[in-house]
1. Is it fair to say residue A:95 is without any contact (Cβ under 8 Å) to a residue 60 or more places away in the chain, out of contact with any Lys or Arg (no Cβ under 8 Å at 6 or more places or on another chain), away from chain B (no Cβ under 14 Å) and surrounded by 14 or more Cβ atoms within 10 Å (Cβ to Cβ)?
2. Looking at residue A:20, is it modelled with pLDDT of 95 or more and more than 27 Å from residue A:109 (Cβ to Cβ)?
3. Output the residues belonging to region B:1-13 that are loosely packed, with under 15 Cβ neighbours inside 10 Å and either among the polar types (S, T, N, Q) or assigned to a loop (DSSP other than H, G, I, E, B) (or both).
4. Taking into account only those residues within region B:15-30 that are outside any helix (DSSP H, G or I) and surrounded by 15 or more Cβ atoms within 10 Å (Cβ to Cβ), which is farthest from the other protein chains (Cβ to nearest Cβ)?
5. Can we say residue B:34 is within 14 Å of another protein chain (Cβ to nearest Cβ), surrounded by 15 or more Cβ atoms within 10 Å (Cβ to Cβ) and of a type in the set (Gly, Ala, Ser)?
6. Residue A:104: touching a residue at least 40 places away in the same chain (Cβ under 8 Å), surrounded by 13 or more Cβ atoms within 10 Å (Cβ to Cβ) and in contact with a Cys (Cβ under 8 Å, 6 or more places away or on another chain), yes or no?
7. Among the residues of region A:57-67, is there at least one that is part of a helix (DSSP H, G or I), more than 14 Å from every other protein chain (Cβ to nearest Cβ), in contact with a Leu (Cβ under 6 Å, 6 or more places away or on another chain) and farther than 30 Å from residue B:46 by Cβ?
8. With the structure loaded, tell me whether residue A:15 is within 30 Å of residue B:29 (Cβ to Cβ), polar (S, T, N, Q) and surrounded by 11 or more Cβ atoms within 10 Å (Cβ to Cβ) or whether it fails that test.
Amino acid sequence: MKSRKKQRNKLDEMQEQKLLQIEHTGCWLAFWGLAVSLLVQCCMGLEWTCLAGEWVVFMSLSLYVTIACMRNGIWDRKLEPTPKVILGSSAIAGLICGFLQFTRSYREYHALFGSIAAGIFMMGFTAVLCYAVMSIAASIYRSRVKRLESEEDEDGK
Amino acid sequence: MARNIAIKVARAEKDMTQKELAEAVGVSRQTINAIEQGEYNPTIRLCRAICRVLGKRLDDLFWEEE
């Protein structure tokens, strides 16, 4: 049987860059689309089991991006992983999760103060958890960058 | 990015169309057009291929005066 040859790339370098740009935009559209869809469905009070598929895709995408960036010593285009940035990001994540918990709780139990308490608890818990995870990620990122920057040249210099 | 007039001139000297140059270096006509219009910054590999086909040096086609 004739062995199947690897199909030749029909794109030239500019078309390849354009395609990468299109895929990049598509990837982030899917990412934020999934994030918004998950948030809206959570606010609507859907069961977690109904969101399992979207959640798995969203988390796989997030994990892939995080691990790939870490391995290549990349954090962000504009931001550095300073405690201030980590604190700000954790606070935003905490606020979103707190609001989500508040709406879910209020929708289910119609108890305003109880829902506020649940929201505040979730906000604090998420913020602390995010801060811890991002601090660990930042330290891994720093050591990775250090290692990449100290790698020797081919001629051993 | 500024327009690359040098490629256009070199192409005219060789009496080549954008399509012919594109075929000679193995890219699409739109890529050659984008390079000439200054809309695309080619890789060094493609720059060398263009220079080879047009019989010019890198400096002649891709050097920009400050």
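1. Spelling it out, residue A:95 is indeed without any contact (Cβ under 8 Å) to a residue 60 or more places away in the chain, out of contact with any Lys or Arg (no Cβ under 8 Å at 6 or more places or on another chain), away from chain B (no Cβ under 14 Å) and surrounded by 14 or more Cβ atoms within 10 Å (Cβ to Cβ).
2. Working: modelled with pLDDT of 95 or more: yes; more than 27 Å from residue A:109 (Cβ to Cβ): yes.
So residue A:20 fits the description; yes.
3. Scanning region B:1-13 gives B:1, B:2, B:3.
4. Looking at the filtered set, the residue picked out is B:16.
5. Considered against the rule, which asks whether it is within 14 Å of another protein chain (Cβ to nearest Cβ), surrounded by 15 or more Cβ atoms within 10 Å (Cβ to Cβ) and of a type in the set (Gly, Ala, Ser), residue B:34 comes out as yes.
6. Here the answer is yes, as residue A:104 does meet what is asked.
7. At the first step, the residues of region A:57-67 found to be part of a helix (DSSP H, G or I) are A:57-67.
Then keep just the ones that are more than 14 Å from every other protein chain (Cβ to nearest Cβ); that gives A:57-67.
In the following step, the residues that additionally are in contact with a Leu (Cβ under 6 Å, 6 or more places away or on another chain) were identified as A:58.
Narrowing the set further to residues that are farther than 30 Å from residue B:46 by Cβ leaves A:58.
Within region A:57-67, one or more residues are part of a helix (DSSP H, G or I), more than 14 Å from every other protein chain (Cβ to nearest Cβ), in contact with a Leu (Cβ under 6 Å, 6 or more places away or on another chain) and farther than 30 Å from residue B:46 by Cβ.
8. Values: within 30 Å of residue B:29 (Cβ to Cβ): yes; polar (S, T, N, Q): yes; surrounded by 11 or more Cβ atoms within 10 Å (Cβ to Cβ): yes.
It is true that residue A:15 is within 30 Å of residue B:29 (Cβ to Cβ), polar (S, T, N, Q) and surrounded by 11 or more Cβ atoms within 10 Å (Cβ to Cβ).
The values are calculated or read from the model by the stated rules, or taken from the named source; none is laboratory data. Bear in mind the structure is a predicted one, so any value in this text is a computation, not a measurement. Every residue, glycine as well, gets a Cβ built from its backbone with ideal geometry; the counts of neighbours run over all protein chains shown.
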